[in-house]
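Bear in mind these aren't lab numbers, they're just calculated from the coordinates by the rules spelled out. Not measured: the values here are computed from a predicted model. Positions of Cβ are backbone-derived with ideal geometry, glycine not excepted, and every protein chain shown enters the neighbour counts.
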Amino acid sequence: MKNTLRAIRSPRIAAAALTAFALATGAAWAETVKVTVDGMVCAFCAGSIEKKMKANKETADVFVSLENKIVAVAEKPGMKLDDALLRKQIADAGYEVKGIERVPQSIAEIRASVRGK
């Protein structure tokens with residue numbers, strides 16, 4: 001039991017366990033939309049994009065990595081963010097969307113992977 005508890009403290013194992021539980025129980029599982037953005041050059045840029053993304057009712061959390069040109073937007077469970085809306089919001093803010101992908105990672109996992117580089 002002690003080894004099991006120690007293993008669950010690992011973020012990767014905890015995320016995998018949570019994913020398995022959600023899939024097994026049929027729980028609504030939210031995705032994270034990972035957007036590659038060109039044109040972000042300062043903290044103001046990152047802050048303005050973060051503010052726009054947080055205004056969406058489907059948004060649970062946002063992480064912006066200026067260095068990696070990534071905007072990660074976590075969806076609220078049972079809700080979907082529209083890719084066209086994200087593209088438009090980012091373009092209207094003056095930035096170019098290079099790519100959008102849906103990933104089964106949490107904001108915390110994306111943040112950790114970016115900081116670990």
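Identify, please: which residue in the range 85-104 is free of Cβ contacts under 8 Å to residues at least 60 places away in the same chain and within 15 Å of Thr59 (Cα to Cα) and is, among those, nearest to the chain's Cα centre (by Cα)? Filtering first and then ranking leaves Leu86. When you scan the range 77-91, do you find a residue that is in a strand (DSSP E or B), crowded, with 17+ Cβ neighbours inside 10 Å and of a type outside the set (Gly, Ala, Ser), even just one? No, the conditions are met nowhere in the range 77-91.
Quick grid of which residues meet (1) out of contact with any helix residue (DSSP H, G or I) (no Cβ under 6 Å at 6 or more places or on another chain); (2) of a type outside the set (Phe, Trp, Tyr):
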position: Asp38; (1), (2): yes, yes
position: Met53; (1), (2): yes, yes
position: Lys57; (1), (2): yes, yes
position: Phe63; (1), (2): no, no
position: Val71; (1), (2): no, yes
position: Leu86; (1), (2): yes, yes
position: Glu101; (1), (2): yes, yes
position: Gln105; (1), (2): yes, yes
position: Val114; (1), (2): yes, yes
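Looking only at residues in the range 92-112 that are among the acidic types (Asp, Glu) and part of a strand (DSSP E or B), the one that is surrounded by the fewest Cβ atoms within 10 Å (Cβ to Cβ) is Glu101.
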